[in-house]
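Q: Got a structure here, written out as structure tokens. Questions coming.
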Amino acid sequence: MASHDITAFLDDLAGLLGKRGLLRDPDAMARYISDWAGDRLGMPLAVARPASTEEVAEVVTLCRRNGIRMVPQGGHTGLVAGALPEADGGELVISLERLNRIREIDPVNFTMSVDAGCVLDTVKQAAAEHDCDFPLSLGAQGSCQIGGNIATNAGGLNVLRHGMMRQLVLGLEVVLPDGRIWNGLHALHKDNRGYALDQLLLGSEGTLGIVTGAVLRLCPRPEQSRTALLGLPSVEAVVALYGLARRGCSDLLTAFELIPRRCIELAMEATPSLRDPMDAAHPWYVLMEVDATGPVDLDAMVEQLVERGLEGGLILDGVLAASEAQAQQLWQFRESMLEGQRRRGEHLRTDISVPISAIPAFVEAAGRAVTTASPHAEIIAYGHVGDGNLHFNVLPPADMAEADKRDHLHDLEERIFAVLDGFDGSISAEHGIGRTKQAAYLARLSPVEHELAEGIKALFDPEGLMNPGRILPPR
């Protein structure tokens, strides 16, 4: 578009959204141009901040009329540059942050209807006020938004019990790339009417439309919870203990996290108030939690599991939280270790999944591949054992020049993915594809899958203006 056409387009947007609804000054747009890690930057044409579904539809219609590329954005906590604008200044960021109403809570139907811009933590608190729980649990829940959780099919800590976002959504409201509004906000627990369009949009990363509202599935608020941090000798012992826990705790097991010793150290570096949780250091740790509603003896359940683990040599030591405050302190290790990694600067963050039983073999094989190629790199492998999702991260050698890090880490990522292929694993378990994983994703698509994916994109967005270049190349 010519510069005068761009000016006219922005003036039309300003007239539609008002002073609060459109940001054009670079300083005002600063927080919309970076992802959580802060190592990638973009520059939008402007940032539109509609305050209703109807305003989103009008913005999209105006963009389509003028051929403007659109980037839907939630809490910008993503890690694959999916909601990050390109650096060319040609994409309009459409932020959903002003769509932040809790529309309705039905504690009998165990459903909640919300705007897509609602922060996850706000949703969880609102559910708790009605003696319900929205079980999605993420490290970024204080800033990530429901629309982004839906767009990326977010996973997190409780997937092994409650499933991913795909299992927690009953209905959607979506603005399509041509500006039409699709209202699929059905609070039905069973609905078998033809194609499940909401499931197609879940995980589509804003490439097929902009989610503006959702009906979420709630569950009873847990009345009791038990948390334990356990020290173990090996990843094999971790997986073996998971098998015992899955049988002994059944569906009450909500989290089972694999944490290496290095992550405990990184957590203590990031949060000095944390103290080493046990008298001796152990190679691996498990952070597990069980919760229940009703007269269930969780203490006996956890104690029996620990006893069996100690007798079998799987557990070396452990800490059982005696209060909610102690449980929160144990979980602080899991949260602070991420900040500890971020403070080390640019590093490789992977988000892979393998069958649970294959976790030990994968960790060994991938570790061998990384060490062979980069003997001084530091491997940090942790993740959600209960669903086979590992974050096999790598810190580059401490003495490596900054200019060399990105290429080196990319080479290590390709080596890890090559190992992953031998386990028939996934290169993205919960973060999505975005732009940073696109090449690896496309390289692993069969011709049939590629043709179907391109066909879906063309059907929803024939002009290729909705989050172009994410998941699939721009058309």
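The values are calculated or read from the model by the stated rules, or taken from the named source; none is laboratory data. Since we're looking at a predicted model, the values are computed, not measured. Virtual Cβ from ideal backbone geometry, glycine too; neighbours counted across all protein chains shown. These accessible areas exclude ligands, DNA and RNA; they are computed on the full protein's heavy atoms, side chains included. Shrake-Rupley method; radii C 1.70, N 1.55, O 1.52, S 1.80 Å.
Q: Taking the stated definitions as given, is Leu472 surrounded by fewer than 18 Cβ atoms within 10 Å (Cβ to Cβ), on the phi < 0 side of the Ramachandran plot and either in contact with a helix residue (DSSP H, G or I) (Cβ under 9 Å, 6 or more places away or on another chain) or free of Cβ contacts under 8 Å to residues at least 60 places away in the same chain (or both)?
A: Details: surrounded by fewer than 18 Cβ atoms within 10 Å (Cβ to Cβ): no; on the phi < 0 side of the Ramachandran plot: yes; either in contact with a helix residue (DSSP H, G or I) (Cβ under 9 Å, 6 or more places away or on another chain) or free of Cβ contacts under 8 Å to residues at least 60 places away in the same chain (or both): yes.
Criteria not met by Leu472.
Q: (1) assigned to a helix (DSSP H, G or I); (2) open to solvent by less than 80 Å² (accessible area, probe 1.4 Å): which one isn't true of His410, the others all being true?
A: (2)
Q: Among the listed residues Gly117, Gly89, Gly78, which satisfies the condition of being modelled with pLDDT under 95 and in contact with an Asp or Glu (Cβ under 9 Å, 6 or more places away or on another chain)?
A: Of Gly117, Gly89, Gly78, the one residue that is modelled with pLDDT under 95 and in contact with an Asp or Glu (Cβ under 9 Å, 6 or more places away or on another chain) is Gly78.
Q: Among the residues of the stretch 195-213, is there at least one that is in a loop (DSSP other than H, G, I, E, B) and over 20 Å from the mean Cα position of the chain (by Cα)?
A: Among the residues of the stretch 195-213, at least one is in a loop (DSSP other than H, G, I, E, B) and over 20 Å from the mean Cα position of the chain (by Cα), which makes the answer yes.
Q: Which one of Ser446, Ser428 is small (Gly, Ala, Ser) and open to solvent by less than 30 Å² (accessible area, probe 1.4 Å)?
A: Being small (Gly, Ala, Ser) and open to solvent by less than 30 Å² (accessible area, probe 1.4 Å) holds for just one of Ser446, Ser428, which is Ser428.
Q: Next question, about the same structure. Only strands (runs of 3 or more DSSP E) wholly contained in the stretch 1-96 count here; list those with 2 or more residues that are under 23 Å from the mean Cα position of the chain (by Cα).
A: Strands (runs of 3 or more DSSP E) meeting the threshold: 69-73, 91-95.
Q: Now a separate question. What residue, of Gly209, Gly194, Gly243, is crowded, with 17+ Cβ neighbours inside 10 Å and out of contact with any His (no Cβ under 9 Å at 6 or more places or on another chain)? Before the answer, list the steps.
A: Values: Gly194 fails: crowded, with 17+ Cβ neighbours inside 10 Å; Gly243 fails: crowded, with 17+ Cβ neighbours inside 10 Å.
None of the other options fit; the residue is Gly209.
Q: Based on what the data block shows, is Met268 at pLDDT 95 or above and either within 30 Å of Cys219 (Cα to Cα) or part of a strand (DSSP E or B) (or both)?
A: no
Q: Taking Asp279 as the residue in question, decide whether it is under 24 Å from the mean Cα position of the chain (by Cα) and either of a type in the set (Asp, Glu) or farther than 19 Å from Glu257 by Cα (or both).
A: Numbers: under 24 Å from the mean Cα position of the chain (by Cα): no; either of a type in the set (Asp, Glu) or farther than 19 Å from Glu257 by Cα (or both): yes.
So Asp279 fails the test.
Q: With the requirement that a residue be assigned to a loop (DSSP other than H, G, I, E, B) and either of a type outside the set (A, V, I, L, M, F, W, C) or within 23 Å of Val385 (Cα to Cα) (or both), what does the stretch 271-288 give you?
A: Within the stretch 271-288, Thr271, Pro272, Ser273, Arg275, Asp276, Pro277, Met278, Asp279, Ala281, His282, Pro283 qualify.
Q: Restricting to the stretch 352-404, what's the tally of residues that are farther than 16 Å from Glu414 by Cα, in contact (Cβ under 8 Å) with a residue 40 or more places away in the chain and assigned to a loop (DSSP other than H, G, I, E, B)?
A: Of the residues in that region, 3 qualify.
Q: Right, here's the next one. Of the residues Pro447, Pro468, which single one is touching a strand residue (DSSP E or B) at 6+ places or on another chain (Cβ under 6 Å) and modelled with pLDDT of 95 or more?
A: Pro468
Q: Tell me yes or no: at least one residue of the stretch 21-38 is open to solvent by 20 Å² or more (accessible area, probe 1.4 Å) and touching a Pro at 6+ places or on another chain (Cβ under 6 Å).
A: no
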